[in-house]
Amino acid sequence: MKNTVNYKGFEFEYSLNYQLEENQTNDYPGCGEEFEITEITLNGVDASELLEGQIEEFVDFIINELKSYNPHD
């Protein structure tokens, strides 16, 4: 899944893998929510080195953006 986010005044494009939380059952231990960014680009160039030391902040920013999005508004 490719998305775009404005972060600190720049339009970054990123790809991610997202796994919803799955509840435990009698036969399955369940799993927690997982969110993994697999690619970050700026103007088509790999931006992971540019964001080095800020990746966790970037990921938290994206998670908050996604959680605040409500398509029914």
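Only the coordinates and a few stated rules stand behind these numbers; no lab work does. If you're wondering where the values come from, they're calculated on a predicted model, not measured in any experiment. Positions of Cβ are generated from backbone atoms using ideal geometry, with glycine treated the same way; all protein chains shown enter the neighbour counts.
Miscellaneous remarks
- Subset of the stretch 26-73 (residues that are among the aliphatic types (A, V, I, L, M), surrounded by 12 or more Cβ atoms within 10 Å (Cβ to Cβ) and either out of contact with any Ser or Thr (no Cβ under 9 Å at 6 or more places or on another chain) or touching a residue at least 40 places away in the same chain (Cβ under 8 Å) (or both)): Leu42, Leu50, Leu51, Val59, Ile62, Ile63, Leu66
- Extreme residue, surrounded by the fewest Cβ atoms within 10 Å (Cβ to Cβ), among residues of the stretch 3-25 that are assigned to a loop (DSSP other than H, G, I, E, B) and not charged (D, E, K, R): Gly9
- In the stretch 6-27, the residues that are of a type in the set (A, V, I, L, M, F, W, C) and touching an Asp or Glu at 6+ places or on another chain (Cβ under 6 Å): none
- Test result for Tyr14, of a type in the set (Ser, Thr, Tyr) and within 12 Å of the chain's Cα centre (by Cα): yes
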